[in-house]
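The values are calculated or read from the model by the stated rules, or taken from the named source; none is laboratory data. No experiment lies behind these values; they were computed from the predicted model shown. Ideal geometry is used to build each Cβ from the backbone, glycine not excepted, and the neighbour counts take in all protein chains shown.
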């Protein structure tokens with residue numbers, strides 16, 4: 001499987017960072033809309049951001065091998081746990 005195109009990777013990482021940023025800032029609005037953490041709560045949104053980070057790094061790694069990026073990605077995906 002080919003690696004995720006760089007522009008898609010960057011946009012996904014940006015989206016994940018916005019999810020986390022809204023929680024940290026306790027933002028009431030994001031681009032004129034209700035932010036995700038106001039709908040689903042802080043814990044769910046942080047996990048969504050973490051999941052997006054981990055899946056995008058996995059998709060960007062050679063041959064989809066998350067170990068290429070080292071231990072920070074291990075365990076972020078609940079489906080990876082035994």
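Quick notes
- Extreme residue, modelled with the highest pLDDT, among residues of the range 32-65 that are within 20 Å of residue 7 (Cβ to Cβ) and loosely packed, with under 14 Cβ neighbours inside 10 Å: 62
- Search result, residues across the range 1-31 that are over 18 Å from residue 56 (Cβ atoms), modelled with pLDDT of 85 or more and surrounded by fewer than 13 Cβ atoms within 10 Å (Cβ to Cβ): 24, 25, 26, 28, 29
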